[in-house]
Amino acid sequence: MSEFNVRREKLLNMMEEKSIALIYSGVSKIASEDDFLPFCVNRNFYYLSGIEQEGSILMLVKGIGVDKQSLFISPFDPLKERWTGKKLTPQEASEISMLQNVYTSDTFETILSLTIKELGRVNKIYLDLAPEIKIKDSYSTRELQKKYREEGYEVEDVYPLIRRLRMVKSEEEIEHLRKAI
């Protein structure tokens with residue numbers, strides 16, 4: 001089992017039953033009207049997925065007895081690569097993240113809606129509420145939190161749970177630290 005799988009399983013075990021965690025990779029920041037700063041992935045997203053591609057979403061669903069893990073990435077278009085840079089194919093993203101359920105981001109809203117219906121009632125939605133995490137150019141996870149609260153969902157910051165996970169290092173992480181030192 002990969003390090004990413006173990007981390008996601010531990011996070012799912014910490015979540016409330018009938019809850020959903022949505023962790024976004026973020027998007028590039030605008031430098032000027034026609035230029036963007038280099039993309040820097042949300043480190044919590046990377047910690048759980050190993051993916052460094054902007055516009056990606058990790059969805060963890062804790063049901064009753066059944067958990068689901070899905071990754072949503074930007075659609076792969078070899079013609080656009082010349083202008084936007086290399087994007088992962090679903091197969092490449094699956095190999096890196098060790099997730100079997102990899103979809104394109106244009107299906108996210110539909111799959112999220114179906115997941116909510118399948119759960120019946122969602123007890124909690126977890127979001128990474130760091131102020132710098134943008135979902136779109138001018139839309140942050142804090143604005144998404146407000147939207148979900150207006151829809152009647154309880155929203156909680158997932159960062160304290162991830163922080164607890166990151167405090168205890170696995171053998172693989174310790175080996176990487178030794179190598180870096």
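Out of curiosity, is residue 17 under 24 Å from residue 131 (Cα atoms), in a loop (DSSP other than H, G, I, E, B) and among the acidic types (Asp, Glu)? Can you show your working first?
Details: under 24 Å from residue 131 (Cα atoms): no; in a loop (DSSP other than H, G, I, E, B): yes; among the acidic types (Asp, Glu): yes.
No: the conditions fail for residue 17.
Which number in (1) over 29 Å from residue 65 (Cβ atoms); (2) out of contact with any Lys or Arg (no Cβ under 9 Å at 6 or more places or on another chain); (3) not aliphatic (A, V, I, L, M) marks the one condition that residue 131 misses?
Failed condition: (2).
Determine which member of the set 97, 138 is at pLDDT below 85 and among the small types (Gly, Ala, Ser).
Numbers: 97 fails: at pLDDT below 85.
Checking each option against the conditions leaves just 138.
List, please: which pairs have Cβ atoms under 6 Å, are six or more places apart or on different chains, and start with a residue in segment 78-93 that is among the β-branched types (Val, Ile, Thr) and end with one that is surrounded by 11 or more Cβ atoms within 10 Å (Cβ to Cβ)?
Filtered contacts from segment 78-93: 89/76.
Could you say whether any residue in segment 26-48 is open to solvent by less than 60 Å² (accessible area, probe 1.4 Å), closer than 18 Å to residue 110 by Cα, part of a loop (DSSP other than H, G, I, E, B) and touching a Lys or Arg at 6+ places or on another chain (Cβ under 6 Å)?
No, segment 26-48 contains no residue that is open to solvent by less than 60 Å² (accessible area, probe 1.4 Å), closer than 18 Å to residue 110 by Cα, part of a loop (DSSP other than H, G, I, E, B) and touching a Lys or Arg at 6+ places or on another chain (Cβ under 6 Å).
Tell me which residues, restricted to segment 59-75, are in a loop (DSSP other than H, G, I, E, B), open to solvent by 30 Å² or more (accessible area, probe 1.4 Å) and in contact with a Ser or Thr (Cβ under 8 Å, 6 or more places away or on another chain). So that I can check it myself, show each step before the final result.
Step one: filter segment 59-75 for residues in a loop (DSSP other than H, G, I, E, B), giving 63-66, 74-75.
From what's left, open to solvent by 30 Å² or more (accessible area, probe 1.4 Å): 64-66, 75.
Listed by number, the list holds a single entry, 75.
The values are calculated or read from the model by the stated rules, or taken from the named source; none is laboratory data. Predicted model only: the values in this text are computed from it and were never measured. Note: ideal-geometry Cβ built from the backbone for every residue, glycine included; neighbour counts use all protein chains shown. Heads up: the accessible areas ignore ligands, DNA and RNA and are worked out on the full protein's heavy atoms, side chains in. Shrake-Rupley method; radii C 1.70, N 1.55, O 1.52, S 1.80 Å.
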